[in-house]
1. How many residues are basic (K, R) and not in a loop (DSSP other than H, G, I, E, B) when one looks only at region B:251-274?
2. Which residue pairs have Cβ atoms closer than 8 Å, lie 6 or more positions apart in sequence or on different chains, and pair a first residue in region C:145-162 that is over 14 Å from A:L243 (Cβ atoms) and among the polar types (S, T, N, Q) with a second residue that is at pLDDT 95 or above and part of a helix (DSSP H, G or I)?
3. In region B:251-274, which residue that is touching a strand residue (DSSP E or B) at 6+ places or on another chain (Cβ under 7 Å) and within 11 Å of chain A (Cβ to nearest Cβ) is surrounded by the most Cβ atoms within 10 Å (Cβ to Cβ)?
4. Starting from region C:176-194, keep only residues that are closer than 24 Å to C:T162 by Cα, then list their pairs with residues that are assigned to a helix (DSSP H, G or I) and at pLDDT below 95 whose Cβ atoms are within a distance under 7 Å, requiring at least 6 positions of separation or different chains.
5. Collect the residues in region B:191-250 that are closer than 24 Å to C:L243 by Cβ, outside any loop (DSSP other than H, G, I, E, B) and within 14 Å of chain C (Cβ to nearest Cβ), keeping them in residue-number order.
6. Looking at C:L133, is it modelled with pLDDT of 95 or more and assigned to a loop (DSSP other than H, G, I, E, B)?
7. So which residues in region B:139-183 are outside any helix (DSSP H, G or I) and closer than 12 Å to B:V224 by Cβ, if there are any at all?
8. Please work out which one of (1) at pLDDT below 95; (2) surrounded by fewer than 17 Cβ atoms within 10 Å (Cβ to Cβ); (3) not charged (D, E, K, R) is the condition B:S209 fails and give its number.
Amino acid sequence: MFPFIHEIYRFPYSDYRAIPYGGYDRLPAQQRLTFVLVHGSWADAHFWDGIAAALRKAGHIVHTPEYAGHGHDPNKNVTHAMITKSVVDYIARHNLHDIILVGHSFGGTVIQKVAEQVPNRIKRLVFWDAFVLKDGESLADELPPPTRQGFEQLRASSRDDTIMLPFPLFRELFVNTASLEQAQQFYTSVAPEPAKPLFEKLDLKKFYSLPTPKSYLYFYQDNVLPQGEGYGWHPHMSIRLGLFRLIVGDGDHFTDSRTRPALVAQKLYEAGRD
Amino acid sequence: MFPFIHEIYRFPYSDYRAIPYGGYDRLPAQQRLTFVLVHGSWADAHFWDGIAAALRKAGHIVHTPEYAGHGHDPNKNVTHAMITKSVVDYIARHNLHDIILVGHSFGGTVIQKVAEQVPNRIKRLVFWDAFVLKDGESLADELPPPTRQGFEQLRASSRDDTIMLPFPLFRELFVNTASLEQAQQFYTSVAPEPAKPLFEKLDLKKFYSLPTPKSYLYFYQDNVLPQGEGYGWHPHMSIRLGLFRLIVGDGDHFTDSRTRPALVAQKLYEAGRD
Amino acid sequence: MFPFIHEIYRFPYSDYRAIPYGGYDRLPAQQRLTFVLVHGSWADAHFWDGIAAALRKAGHIVHTPEYAGHGHDPNKNVTHAMITKSVVDYIARHNLHDIILVGHSFGGTVIQKVAEQVPNRIKRLVFWDAFVLKDGESLADELPPPTRQGFEQLRASSRDDTIMLPFPLFRELFVNTASLEQAQQFYTSVAPEPAKPLFEKLDLKKFYSLPTPKSYLYFYQDNVLPQGEGYGWHPHMSIRLGLFRLIVGDGDHFTDSRTRPALVAQKLYEAGRD
């Protein structure tokens, strides 16, 4: 009845005096960041190609790890833990520190779990129109019931426990601001998505105890989830982060990664900088 | 208590395999559309003059049918069915097919009923800050109670069962981003609105069974309805469409039709194209 | 359960025929306004410096009264009534009439009370991401419980019943779109805020009987309050104004007052003009 979730909207930084923000004085005017970009469902690491190029051009270090069940991985029978392990292993293998860990869409659930495992390597978490699950939730729990039922039907009708996104849904919900030609071009990159991780309930107790700074980047033409009345990216999921920095843009869920990568890069920088 | 309306948020396109989107390949790069634009209350077909000119300049065919009780029609004693019939008859008389049927404001309720009668002539429905009524609802049911009571008082005080929009309401709610001079100029076009169709409860069962593609165009400075907490255009009414394409602009309810018609035309094209 | 507040969403201007809007014809094309700008918490009258300069350059008269407990006032032990009296006395002392009374943030609660005392001097009230309290509420009542508890802890730990805004909260919530360097610069102006007025419950019965025209200016990257699900500036507080003019901008809570003062000035003009 009372829509605010008391348990997870904790007052942040009650020990703020311990935060050495005076140290910020030593930062150069043009801050150089290390981004690790984690894509979402029906995408692979190439989702980030244009955005990563724009960030690198601005002087940043950018990593775009692929994860289990996606890209060239032929095995679609993966769990959420395997996906998380892909990203954790990538970060450890490259010995990355002070990273801005960005999750897009389903990637939000991945960075929640990655943050639990390597919190000391992360400088800030950035959720870009990304799921922020409550402890014990699955991604599917955040879908309107008819959408969830639709996904369950698509899952049941697949031969390898995947969900293929029908083009009309992709066109209207993921690339709504694109032209049809752009939508068709983007759709050639869409592969069947392993279903299991979308329905796994995640233990996120540790995530909600982490003091890691967090940002939420919201694009207001994003149409993947209904925006309001109990669903949606912002504020429905963003407020679960407790204290977070809000950055807003005018894009949709997928289109701008291709058509305006420099804009997305700038917004990710605004979300990720100190 | 649970604000999501299960019955009408159906998973769309469960039979998507039957949709020949491969046929989209044959579309020309610059898609030519046939628009039928249906205005709202306290307006007539001239509401569309600037927008229609901009659309025609871009190569589209545009129709702006007038309907019963509006424009030059001296009879204000009309029903919602008479208004619907005006548009249906216009479409049939001109033998229009593959139309992008656009409804603005009250016009949303009109295109809901028109779609029920000539579904095979319609390529896509576009609701622009328009009412999407639930089955059995009237437009008045979507107004906050004090607003509805105010309209009922204005209705009762009229001699011909109309409601005249007071200038202060028009200025603050319909043309809030305009200058006073523009608001006064626009107000010279405002005529008393037939009251009955705003209070008629509509049978919309067939509408909610139609597979017609749908879009919602939302202008975020629109102030006609409270945006949120149980009221408003988007997402409150847009989510009733099930699968829909969202397009967002920065205008208000009336002003941009006069001051930025090319912007509105572009947004309607983005909402209407395949 | 039903989130709409019947009592305060009264149908406005039911006596609209008495409003001489025909008199607007005599206004010059370039309307000259008298602004009185009332800042919020963790700020002083210098908050308005850039905005006031931009408004004056556009031909307007601008006043930026300081109020009790702020600026050079060494006494932090103030009440809401003392703050209100500061602004009322300023208006009386300068014999101001036909003023556009603007409140930012906490300043919204101040202009609510000022309007009760000098309604005849006010042409229009403008709330810019400002609190609009219900009768009997305190500002603290509009904060999410964990935020309120955090403020109560900060208050309890102060020696002079003030609340100092920790830098991380200021940076993420008040100047989220700024660079770190800008945030640090702005933070040098932040002083401990007298706590008592934030927790005082206000009698606002008279405010809700005033026919004064009202506007709400909402910046959609403002992150001070969660935007939705029972909290936030617009529409959560704006709808309490009954009839109001909505103007929307893309800024945050503090940054644009420094980085884009001309933009804020233009938006305030759009909110304030007839």
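The values are calculated or read from the model by the stated rules, or taken from the named source; none is laboratory data. Quantities reported herein were computed from a predicted structural model and do not represent experimental measurements. All Cβ positions, glycine included, derive from the backbone under ideal geometry; neighbour counts span all protein chains shown.
1. Of the residues in region B:251-274, 2 are basic (K, R) and not in a loop (DSSP other than H, G, I, E, B).
2. C:T162/C:R155
3. In this case the residue turns out to be B:A271.
4. Taking only residues 6 or more apart or on different chains, the pairs are C:Q184/A:Y24.
5. B:Y218, B:F219, B:G228, B:Y231, B:G249, listed by residue number.
6. yes
7. If the condition is that a residue be outside any helix (DSSP H, G or I) and closer than 12 Å to B:V224 by Cβ, then B:L143, B:P144, B:L165, B:V175, B:N176 are the ones that fit.
8. Evaluating B:S209 over (1) at pLDDT below 95; (2) surrounded by fewer than 17 Cβ atoms within 10 Å (Cβ to Cβ); (3) not charged (D, E, K, R) leaves (1) as the failure.
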